[in-house]
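K.L.:
Have a look at this one before I ask anything.
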Amino acid sequence: MAFLKLIFLIFILHSFMPIPISSTPSLNKEVFAQIRPDFLDFAKKPEIMDWMVGIRRKIHENPELGYEEFETSKLIRAELDLMGIPYKYPVAVTGVVGYIGTGKPPFVALRADMDALALEELVEWEHKSKVPGKMHACGHDAHVAMLLGAAKMLQEHRNDLQGTIVLIFQPAEEGGGGAKKMLDAGALDNVDAIFALHVSTKFPIGVVASRPGPILAATSFFEAVINGKGGHAALPQHTVDPILAASNVIVSLQHLVSREADPLDSQVVSIGKFQGGGAFNVIPDSVTIGGTFRTFSKESFVQLKQRIEEVITKQASVQRCNAKVIFHENSSYPVCFNNKELHEHFRKVAGEMLGVQNVVEAVANMGGEDFAFFSEVIPGLFFFLGMKNETQGPLQSGHSPYYTVNEDVFPYGAALHASLATTYLSESPPKHTSPPEGSFHDEL
């Protein structure tokens, strides 16, 4: 009888004990420690390296401008299909959003831009652009190849992931604000953090650079039409000279930085366009000027924009002219800001992979990047991936018709993408609830 009571007591206790539930295997730190060092070695395998190079060269031969990346997007989707990676398409016209992992929180994103530039390629090589007047002159073809390389590695470990990695293949970085359109389309819904890289001719291969806080400036462009009254240059008293007015405007605009801005708050106003008149002896009716302004804070950006308009209109009126100022809002980017915690995460992961001596502090510069739209709404980290090799000669900087990419950098970019994402998932608790079942993973 006592034995039966003992059996009954054990049964009751067992009924109230928590039962372990296993759905998708999680990436615990022991598993991660085993697979992380393999990312770079895996990416350096000849078959993986050749595959990434082949993808990049196909894209390079067929460059497409912003929101026209239909063939590039088609190639990306074909590769994702072959890997068995589900995705959404189209997102922001030509964008693709892929998913690897559990489909549940936490979510971390990796981004690559896809668009080319309106340049005629002057590099003579086997895979030169086949499209007149279009060229991949900023490395976006390489960015796509490396993110696909990371996707291949991550898909191999999909059952070890504790969360979901979101692959962002973004259109129209070069002035089209593709990141903003992807945000508006919900590409980063439920995403906790996002990483992106950019190949750089400034740093040696195997070296990466970033910094916490602002890394790239808020940027915008403007045009102004200054109207006067034309006439013969020999009789200026019968004219209202818009060239003189425009010249005074340009000089006065430089005072906004030299006399109104805090010297410790970096700002730039540059005029790159001046169009007016077509004859030596004729004062034109109007002049068009255009330029760019850049700052490292939102407050300075708003203030500088306001003052640019005031200076142009009021200086024109001093010279008896009138002016209309147009700001190109679609080409305006916010400050590209790196989250401090993600920067520490980047330093740790990159240092373990490349050596701490090869993770350097980047100097903030006045260039712009529409990744800023992403890092404005969720924590983001943007870094530069060195590809300089002195033995191969100097590399031209981006946006040059002589721009080339050192393809030896591909394993480093792919491995860093994969390692940054997997480490983030293994160390970060979910911040968002799961999306409704079936809300993604299908081509739209």
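The values are calculated or read from the model by the stated rules, or taken from the named source; none is laboratory data. Keep in mind that this is a model prediction, so the values were computed, not measured. Backbone-built Cβ (ideal geometry, glycine too); neighbour counts: all protein chains shown. For the accessible areas, the whole protein counts, side chains as well, though only heavy atoms, and no ligand, DNA or RNA atoms are used. Shrake-Rupley method; radii C 1.70, N 1.55, O 1.52, S 1.80 Å.
K.L.:
If I compute solvent accessible area with a 1.4 Å probe over the protein chains, what percent of it on the range 218-333 is carbon and sulfur?
P.N.:
54 percent
K.L.:
Could you pull the Cα extents of the chain along its three principal axes, largest to smallest, in whole Å?
P.N.:
Principal extents (Cα only, largest first): 123, 52, 44 Å.
K.L.:
Let me ask something else about it. From the C-alpha coordinates alone, can you work out the Kirkwood hydrodynamic radius of the range 323-370, in Å?
P.N.:
Kirkwood radius, the range 323-370: 13.8 Å.
K.L.:
Within the range 384-402, whose backbone N sits under 19 Å from a point 7 Å along Cα→Cβ of His127?
P.N.:
385-389, 392-393, 395-402
K.L.:
Tell me, what is the percent relative contact order of the chain, built from C-alpha pairs under 8 Å that lie six or more residues apart?
P.N.:
25 percent
K.L.:
A further question follows. How much FRET efficiency would the formula 1/(1 + (r/R0)^6) give for Asp265 and Phe327, where r is the Cβ-Cβ distance and R0 is 22 Å, rounded to 0.05?
P.N.:
Rounded to the nearest 0.05, the efficiency is 0.60.
K.L.:
Something else now. Roughly what % of DSSP beta bridges within the chain run antiparallel, to the nearest 5?
P.N.:
If we restrict to bridges inside the chain, about 65 percent are antiparallel.
K.L.:
I need the peptides 79-86, 221-228, 148-155 ranked by packing, meaning the mean over residues of other C-beta atoms within 10 angstrom, with the highest value on top.
P.N.:
148-155, 221-228, 79-86
K.L.:
Let me ask something additional. Find how much the distance from Val251 to Arg211 grows on full extension, using 0.36 nm per residue of separation minus their present alpha carbon separation; answer in nm with one decimal.
P.N.:
11.0 nm
K.L.:
Give me the base-10 log of I(q)/I(0) for the range 218-333 at each q in 0.10, 0.11, 0.16, 0.17 Å⁻¹, Debye formula, one uniform scatterer per Cα, rounded to two decimals.
P.N.:
Debye curve over Cα of the range 218-333, log10 I(q)/I(0) at q = 0.10, 0.11, 0.16, 0.17 Å⁻¹: -0.31, -0.37, -0.71, -0.78.
K.L.:
Using label points projected 7 Å from each Cα along Cα→Cβ, tell me how many nm separate Asp50 and Phe274, to one decimal.
P.N.:
It works out to 5.6 nm between the two label points.
K.L.:
Further, regarding this structure: Taking Rh as the Kirkwood radius, which is the inverse of the mean 1/r over Cα pairs, what is the Rg/Rh value for the range 326-409?
P.N.:
Result for the range 326-409 is an Rg/Rh of 1.02.
K.L.:
In addition: On full extension of the chain, what length is gained from Lys298 through Glu223, given 0.36 nm per residue of separation minus the C-alpha to C-alpha distance?
P.N.:
Length gained between Lys298 and Glu223: 24.9 nm.
K.L.:
Volume per residue, Å³, of the convex hull around the alpha-carbon atoms of the range 178-224?
P.N.:
In the range 178-224, the Cα hull volume divided by residue count equals 159 Å³.
K.L.:
Still on this structure, I have one more. Can you compute the charge dipole magnitude of the chain about its Cα centre, using +1 on each Lys and Arg Cβ and -1 on each Asp and Glu Cβ, nothing else charged? Give it in debye, rounded to the nearest 20.
P.N.:
700 debye
K.L.:
Same structure again: Using every Cα-Cα pair within the range 59-171, state what percent have a distance larger than 18 Å.
P.N.:
When every Cα pair of the range 59-171 is considered, 49 percent fall beyond 18 Å.
K.L.:
Keeping all protein chains in place, calculate the accessible area per residue for the chain (probe 1.4 angstrom), answer in Å².
P.N.:
For the chain, the per-residue accessible area is 47 Å².
K.L.:
Now for a different question. Rounded to the nearest 500, what is the chain's calculated 222 nm mean residue ellipticity when only DSSP H runs of at least 4 contribute -39500 (n - 2.57) each, over all residues?
P.N.:
Helix contribution divided over all residues of the chain: -11000 deg cm²/dmol.
K.L.:
Continuing with this model, one more query. Of all GluC sites (Glu not before Pro) in the range 297-336, which ones are in loop regions per DSSP and have a Cβ with at most 11 other Cβ atoms within 10 Å?
P.N.:
Passing sites in the range 297-336 do not exist.
K.L.:
For the residue pair Gln392 and Gln306, what label-to-label distance in nm results when each label sits 7 Å from Cα along the Cα-to-beta-carbon direction?
P.N.:
4.9 nm
K.L.:
Right, something else. What does the convex hull of the Cα atoms come to per residue for the range 103-168, in Å³?
P.N.:
Hull volume normalised by residue count: 92 Å³.
K.L.:
For the range 175-259, just the Cα atoms, rotate onto the principal axes and tell me the three extents in Å, largest first.
P.N.:
65, 36, 26
K.L.:
Something else about it: Based on the Cβ-Cβ distance from Ala78 to Asp184, what FRET efficiency comes out when R0 is 25 Å, to the nearest 0.05?
P.N.:
According to the calculation, E is roughly 0.40.
K.L.:
I've got another one for you. What length, rounded to one decimal in nm, is gained on full extension from Glu61 through to Asn159, with 0.36 nm per residue of separation minus their alpha-carbon distance?
P.N.:
Difference between extended and current length: 31.7 nm.
K.L.:
Work out Dmax and Rg for the range 264-319 from the C-alpha atoms and quote the Rg first, both in angstrom.
P.N.:
Cα radius of gyration and Dmax of the range 264-319 are 14.7, 45 Å respectively.
K.L.:
Same structure again: With the dipole of the range 218-333 worked out from charges on the C-beta (+1 for Lys and Arg, -1 for Asp and Glu) around the Cα centre, which of Gly231, Ile312, Ile326 lies farthest toward the positive end?
P.N.:
Gly231
K.L.:
Follow-up question, since we're still on this one. Which percentage, to the nearest 5, of the DSSP beta bridges contained in the range 45-194 is antiparallel?
P.N.:
The antiparallel fraction comes to roughly 55 percent.
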